[in-house]
Amino acid sequence: MQAIDLLLNRVSVARLCEPAPSAEQRELIFRAALRVPDHGQLQPWRFLTVEGQGRERLGQLFVEALERRASAATPEALEKAARMPLRAPLLIVVVARLQDHPKVPHSEQLLAAGCAAHAMLLAAHAQGIGAVWRTGDFSYDPHVAEGLGLGPGEQIIGFLYMGTPEGRVRAAPEPATEPFVQRWGD
């Protein structure tokens, strides 16, 4: 696949099923993440893989977080939270590891971790793997962060759901660039 085709045609694939990416495919996905721009070469990221029964454990962690946040959560909301990690055979939790540095502010480190997540999505797409980047309340929940073992200066920037696309993958939209580009300095 040509790089420009990859960049122009990647789409989020929300309906995913088995099988998960193979060990070889995962290695390429993680290698791509490590090639992103990284001022100071701080590598301000780490990745947690969740699969098999780990997905059920993560669902239970989501339920606990929801119960703490909304003591009056409905049984339907709790069941939905429990099922969220079951939507794909593999989840990758992307964690930003923000470090104090005299020349690299936390904002740049957060952007680098986001670039790593995007690179993983591109590497998955290049290999025919379906993937979607999800955030939501659980990404920012302190109970979820603690349950996943995050330490000081770490934060979840998203959950990458990966697997085999279920059904046909939609075509990428082709928005016009003009509304987003302005000439400056004339």
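The values are calculated or read from the model by the stated rules, or taken from the named source; none is laboratory data. The shown structure was predicted, so the numbers you read here are calculated from the model rather than taken from an experiment. All Cβ positions, glycine included, derive from the backbone under ideal geometry; neighbour counts span all protein chains shown. Protein only, heavy atoms only, side chains kept; ligands, DNA and RNA dropped before computing areas. Shrake-Rupley method; radii C 1.70, N 1.55, O 1.52, S 1.80 Å.
Values computed for the structure shown
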read-out: Kirkwood hydrodynamic radius of region 58-178, Cα pairs, Å; value: 16.3
read-out: Qualifying trypsin sites (Lys or Arg not before Pro) in region 40-110, DSSP loop, other Cβ atoms within 10 Å at most 14; value: Lys103
read-out: Vicinal HN-Hα couplings computed from phi for region 75-92 (Karplus, 6.51 cos²θ - 1.76 cosθ + 1.60; Hz; Gly/Pro x); value: x, 5, 5, 5, 5, 4, 4, 5, 7, 3, x, 8, 6, 8, x, 9, 10, 10
read-out: Whole-Hz ³J(HN,Hα) from phi, Karplus 6.51 cos²θ - 1.76 cosθ + 1.60, for region 116-126, glycine and proline x; value: 4, 4, 5, 4, 5, 4, 5, 5, 5, 4, 4
read-out: Between region 100-142 and region 55-92, the Cα center-to-center distance that results, in Å; value: 22
read-out: Charged-residue dipole, Cβ positions (Lys, Arg, Asp, Glu), region 98-186 about Cα centre, Debye nearest 20; value: 300
read-out: Computed accessible area, Ser107, all protein chains, 1.4 angstrom probe, square angstrom; value: 70
read-out: The chain - percent of accessible surface contributed by carbon and sulfur, probe 1.4 Å; value: 53
read-out: Spacing of the two label points (7 Å from each Cα toward its C-beta) at His106 and Arg168, in nm; value: 4.7
read-out: Helical contribution to [θ] at 222 nm, DSSP H n ≥ 4, -39,500 (n - 2.57), averaged over the chain, rounded to 500; value: -12000 deg cm²/dmol
read-out: Alpha carbon centroid spacing (whole Å) that separates region 151-173 from region 12-48; value: 10
read-out: Charge tally in the Cβ shell below 13 Å around Val11, where Lys, Arg are +1 and Asp, Glu are -1, Val11 excluded; value: +2
read-out: In Å², nearest 10: area of Thr177 left accessible to a 1.4 Å probe; value: 90
read-out: Cβ charges +1 (Lys, Arg) and -1 (Asp, Glu), total dipole of the chain, debye; value: 200
read-out: Contact order relative to length of region 1-141, as percent, for alpha carbon pairs under 8 angstrom and 6 or more apart; value: 40
